[in-house]
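All remarks here apply to the structure that follows.
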Amino acid sequence: MPAPNVRRALFWDSDFNRIDWGKYKKAVIHRVLERGKQEEKHEISRFIIYLMISCRILHCLRNDLYLYIN
């Protein structure tokens with residue numbers, strides 16, 4: 001999963017390259033909304049939409065595959 005375009009300094013307590021953005025999405029969103037600049041808040045909104053669309057597409061693909069197999 002691609003990382004949102006935010007400053008690495010926001011995640012000073014973590015290895016930025018090893019953050020699992022999908023697994024820790026709530027913590028990432030909270031950190032950016034709490035400490036990020038306005039541009040980063042817009043970026044995290046884009047990131048949330050990306051996650052929602054990705055999950056929805058995967059859900060639809062799984063359902064279609066299930067219907068096709070059965």
Would you confirm whether or not the stretch 3-19 contains a residue that is in contact with a helix residue (DSSP H, G or I) (Cβ under 7 Å, 6 or more places away or on another chain) and at pLDDT below 90? yes
Give me a count of the residues in the stretch 17-39 that are in a helix (DSSP H, G or I) and either free of Cβ contacts under 8 Å to residues at least 12 places away in the same chain or open to solvent by 100 Å² or more (accessible area, probe 1.4 Å) (or both). 10
Take the stretch 46-69 and flag every residue that is in contact with a helix residue (DSSP H, G or I) (Cβ under 9 Å, 6 or more places away or on another chain) and modelled with pLDDT of 85 or more. Phe47, Ile48
Filter result (under 8 Å from the mean Cα position of the chain (by Cα) and open to solvent by less than 50 Å² (accessible area, probe 1.4 Å)) within the stretch 1-16: Ala3, Pro4
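The values are calculated or read from the model by the stated rules, or taken from the named source; none is laboratory data. From a predicted model like this one, the values you see are computed outputs, not experimental measurements. No Cβ is skipped: glycine too gets one built from the backbone with ideal geometry, and neighbour counts run over all protein chains shown. To get the accessible areas, we keep the full protein, side chains included, count just its heavy atoms, and leave off ligands, DNA and RNA. Shrake-Rupley method; radii C 1.70, N 1.55, O 1.52, S 1.80 Å.
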